[in-house]
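Notes to accompany the following structure.
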Amino acid sequence: MDDWLFVNCIFNGVQFKAMYRISRSTFEIIFQRLAAESKFFRDAVDACGQPGIAPYCKIMMAIKALAYGCTPTSWRDYFQMSETICKDSVDNFAKLMRKLFYISHLQMT
């Protein structure tokens, strides 16, 4: 994921948008809002004391699955996540997006 995000990323904003069908700045806004709203999208430590799956990976996987219209498990090898985490990521992402952005961005006029 460091190739797509952070300061010294390999891919530029145009390539990011082509891959994820969302601009990097929009991704950052979504990431910050979801992390503030839900601990599912925050850094955590698992039962063995190891770092859990990075929250930005969960969000990127959900965006990619929804953008390409495929099952969440289609990307589990690419993102190195279990089937359960993939499904939970998309489920939590969709619920929170509706809760946070429905009135301002998603409501039909």
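Here, each number is a calculation from the coordinates, and none is a lab measurement. Everything quoted here is computed from the prediction, not taken from an experiment. Note that each Cβ is placed from the backbone with ideal geometry, even for glycine, and that neighbours are counted across all protein chains shown.
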Kirkwood Rh for the chain from C-alpha pairs, in Å, is 14.6 Å
About the Cα centre of the chain, what is the dipole size in debye to 20, counting +1 per Lys and Arg Cβ and -1 per Asp and Glu Cβ, all else neutral?
420 debye
Using the charge dipole of the range 19-72 (Lys, Arg: +1 at Cβ; Asp, Glu: -1 at Cβ; taken about the Cα centre), state which of 44, 57, 68 has its Cα farthest towards the positive end.
68
Mean Cβ count within 10 Å, highest first, over the residues of peptides 50-62, 78-90
50-62, 78-90
Fewest first, what order do 20, 102 take by the number of other Cβ atoms within 10 Å?
102, 20
Within 15 Å, Cβ to Cβ, of residue 102, how many net charges do the neighbouring residues add up to if Lys/Arg are +1 and Asp/Glu are -1?
+3
Under the Karplus relation 6.51 cos²θ - 1.76 cosθ + 1.60, θ = phi - 60°, what is the ordered set of whole-Hz ³J(HN,Hα) values for the range 87-104, x standing for Gly and Pro?
5, 5, 4, 5, 4, 5, 4, 5, 5, 6, 4, 5, 5, 7, 10, 4, 5, 7
Which cross-chain or sequence-distant (5 or more) residues have an amide H under 5 Å from the amide H of residue 11, H modelled 1.01 Å from N in plane?
none
For the range 33-47, in residue order, the Karplus 3J(HN,Hα) values (coefficients 6.51, -1.76, 1.60; θ = phi - 60°; whole Hz; Gly and Pro = x) are 5, 5, 5, 6, 8, 9, 6, 4, 9, 10, 4, 8, 10, 7, 5
Beyond 19 Å (Cα-Cα) in this structure, taken from 17/64; 17/39; 39/99; 17/95; 64/87, we find 17/39; 17/95
So how do 66, 34, 96 line up by other beta-carbon neighbours within 10 Å, fewest first?
66, 96, 34
